[in-house]
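See below for the structure under consideration.
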Amino acid sequence: MCGIVGGIAERNLVPILLEGLRRLEYRGYDSSGIAALDAQGEITRIRSIGKIKNLEEKIAQSDMELQGDCAIGHTRWATHGAPSEHNAHPHMSSEQITLVHNGIIENYQELKLKQQSLKYRFESETDTEVIGHEIHYLYQQSNDLYTAVKQAISSFEGAYAIGVICKDEPDVLIAARKGSPLVIGLGIGENFIASDVSALLPVTQKFIFLEEGDIAKITRCKIEIFDANGKAVERAVKKSELSSAAVELGDHKHYMHKEIYEQPQAVIDTLEGRISKEEVLVSAFGDNAEAIFKSIKQVQIIACGTSFHAGLVAKYWFEDILQMPCQVEVASEFRYRHPVVQDNTLFVTISQSGETADTLAALQQIKQLKQTMNIVTLSICNVAESSLTRESDLTYLTHAGPEIGVASTKAFTTQLVALALLMTAIGRVQGCMESAQEKRIVRGLQKLPQLINSALGHESTIEKMAELFADKQHALFLGRGVMYPIAMEGALKLKEISYIHAEAYPAGELKHGPLALIDENMPVIAVAPLNDLLEKLKSNIQEVKARGGKMIVFEDEQSDISSDDSFEVLKVTRNVGRITAPITFNIALQLLSYHVALIKGTDVDQPRNLAKSVTVE
């Protein structure tokens, strides 16, 4: 989603904000801008459509000198109003109030009509302008920026994270959040705001994570935070363990490629401190996790996108290995229906960022049921101090590190590792998993980094396979059993970054419709591990071959499928079990999508129309 960066200091902040905006590019955007309050008390604003480099060039070429020690910047991902310079942030009201905003103001039409009757002029199609005008209107009455912002946000319905500066209060920056993340970065004689810590790593590693409803009054040397009730509160200062180098490309051409290759280490980091002597440490899920796990009778997983696919894989594990009922649902569907919820359910929410709007809303819906039912919530997340982790009873943090590419890779892998550990921990606590089986699973997870490295060793072969897609616009992915959601994830990756229309089907469904699509222009990708469904999958492959289809088969070394003119076979791995197989085979699908995107010439890390973290509906 959109990105915010701002600050108040004793130096020119424009270069710092430009670097911060570059570090927020991964969130997805179509325009950007910076507004700065200079020593003469004037606010200068420059905005541009397209990449940050366009904004940088426009600033360099402008007759207006953009500099100031109180400034705010923004990358916008269009919701209300098309991508354009006049819709780009920051927005201004009466040349006095300037702000940046993430989120959506749902009652903006009502506010706009009121403000138009007060003779306010609108210069954009965005919902953000009503925020600025509302603050300006109230500022005329109070002459205090904090008071005006506090009064204004009480009239907003929806989600927001805002940073506000005022021409008449050059020493104050106001920040507020509800439903969208916002952090404060602490410096010496300077303080900053941003959508996430990565934007500010070059200037600080000390952060305050604002909580829901917080308003902060920020000066160079002081931070005052007030909760939703207007009460002064103290929020913990956290030191980030990330370094600015963690979000650099290094020797890789794209972040996605870098993050694919970071997966072995991400698995090691996610397992560290969570297993001991070939056993899962149940306490890794929380101090009271063991008592909670004893009482649960079923699992409900809520997630979106790639995280939803991770949940679907886990459903096979819970039901096949533990015989425990497990339901998986897309968060945007769950929150708008009336689900039948049973007592003693463990609700698992999965999100890379911990700020996914629909997943958070579903969690809030679940929490209302907790008042009358025995329900426990667990979040699996990659970001400490995210909204999801703060709202959940139990938390398991994956240690994937920063994931910049919009198409998730290492976050997905570490989510699967976390879910495997969760399933194993519940099995041991409930006595439905023998010690020998737990040891096999743990040993398999410990071998996973090596298995991933072996799969990565096939990149040059996969790169050649990708040439099949140079002139193709459609693709079909097939899998059976636990490999069906992996096929879904493979299709999603291809769609996201190459813009090829791709669908995934359980291979057994071929005769129920998809077989009609098969011809020489429809490549088919099949995942063929060595399991009890292999012979049935081989039959499905022959059905495709008989109809002139072109196939790529990723198989186990012992699956024994031979290449011929109609399909290519790559032996990705061998001797992988139910837990490690889906993770290992997915690596090949990630590399395939990446190289197809290179051939198609698309923007791999920032595909069109997509955002990294979907913080609004």
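The values are calculated or read from the model by the stated rules, or taken from the named source; none is laboratory data. Fair warning: this is a prediction, and the values are worked out from it, not measured in the lab. Reconstructed Cβ throughout: ideal geometry from the backbone, glycine too, with neighbour counts over all protein chains shown. With ligands, DNA and RNA removed, areas are computed over all heavy atoms of the protein, side chains included. Shrake-Rupley method; radii C 1.70, N 1.55, O 1.52, S 1.80 Å.
Under a Cβ-Cβ cut-off of 10 Å, what is the net charge of the residues other than ASN87 that fall near it, where Lys and Arg count +1 and Asp and Glu count -1?
Taking every other residue near ASN87 into account, the sum is -3.
Out of the total accessible area of the chain (probe 1.4 Å, heavy atoms of protein only), what percent is carbon and sulfur? Walk me through the intermediate numbers first.
Details: 11230 of 24060 Å².
Looking at the chain in its full context, I get 47 percent from C and S.
Can you classify the chain as rounded, prolate or oblate using the Cα gyration tensor, where a ≥ b ≥ c are the square roots of its eigenvalues, rounded means a/c under 1.5, and otherwise it's prolate if a/b beats b/c and oblate if not?
prolate
Could you state the angle between the C-alpha long axis of helix 357-369 and the longest principal axis of the C-alpha atoms of the chain, as a value from 0 to 90 degrees rounded to the nearest 10?
The angle comes out at about 80 degrees.
How many angstrom separate the Cα center of the range 474-521 from the Cα center of the range 225-300?
Cα centres, the range 474-521 to the range 225-300: 32 Å.
Could you check the simple spin-label distance between HIS252 and ASN288, using points 7 Å along Cα→Cβ, in nm with one decimal?
Simple spin-label model gives 4.0 nm for this pair.
Residue by residue through the range 32-49, which ³J(HN,Hα) values in whole Hz follow from phi under the Karplus form 6.51 cos²θ - 1.76 cosθ + 1.60 (θ = phi - 60°), with glycine and proline marked x?
7, x, 9, 10, 10, 9, 8, 5, 8, x, 10, 9, 10, 10, 10, 10, 8, 8
Can you tell me the 0 to 90 degree angle between the C-alpha axis of helix 129-142 and the longest principal axis of the chain, rounded to 10?
40
Under the Karplus relation 6.51 cos²θ - 1.76 cosθ + 1.60, θ = phi - 60°, what is the ordered set of whole-Hz ³J(HN,Hα) values for the range 488-494, x standing for Gly and Pro?
Taking θ as phi minus 60°, the curve returns 4, 5, x, 5, 4, 4, 5 Hz for the range 488-494.
Mind running the shape call on the range 445-526? Use the C-alpha gyration tensor, a ≥ b ≥ c as the square roots of the eigenvalues: rounded below 1.5 for a/c, prolate if a/b tops b/c, oblate otherwise.
Oblate.
What's the FRET efficiency of ASN344 with GLN368 using the Cβ-Cβ distance as r and R₀ = 25 Å, to the nearest 0.05?
0.90
Excluding same-chain residues fewer than 8 positions from LYS315, which aspartates and glutamates have a Cα within less than 13 Å of its Cα?
Excluding near neighbours in sequence, the set is GLU329.
Scan around SER31 for amide H atoms under 5 Å from its own, H built in the peptide plane at 1.01 Å from N, and keep only partners 5 or more places away or cross-chain.
The answer is GLY50, ARG76.
State in Å² the accessible area per residue of the range 371-437; use a 1.4 Å probe, count heavy atoms of protein chains only, and round to the nearest integer.
Computed with neighbouring chains in place, this is 27 Å² per residue.
Under the 0.36 nm per residue contour assumption, what length would be gained going from the current alpha-carbon distance of ASP227 and GLU568 to full extension?
Here the segment from ASP227 to GLU568 would lengthen by 116.8 nm.
Taking the full set of protein chains and a 1.4 angstrom probe, give the accessible area of MET522 in square angstrom, rounded to the nearest 10.
It works out to around 20 Å².
Can you compute 3J(HN,Hα) from phi for each residue in the range 420-432, using the Karplus curve 6.51 cos²θ - 1.76 cosθ + 1.60 with θ = phi - 60°, rounded to whole Hz and x for Gly and Pro?
Coupling constants for the range 420-432: 5, 5, 4, 4, 5, 4, 5, x, 5, 4, 8, x, 9 Hz.
What distance in nm separates the two pseudo spin-label positions at GLU42 and GLU106, each 7 Å out from Cα along the beta-carbon direction?
Taking the simple label geometry, GLU42 and GLU106 are separated by 4.3 nm.
What does the extension gain come out to for HIS512 and GLU319, with contour length at 0.36 nm per residue minus their alpha carbon separation? Present the calculation step by step, with values, prior to reporting the outcome.
On the way: separation 193, 0.36 × 193 = 69.48 nm, distance 2.58 nm.
Working it through step by step, the gained length comes to 66.9 nm.
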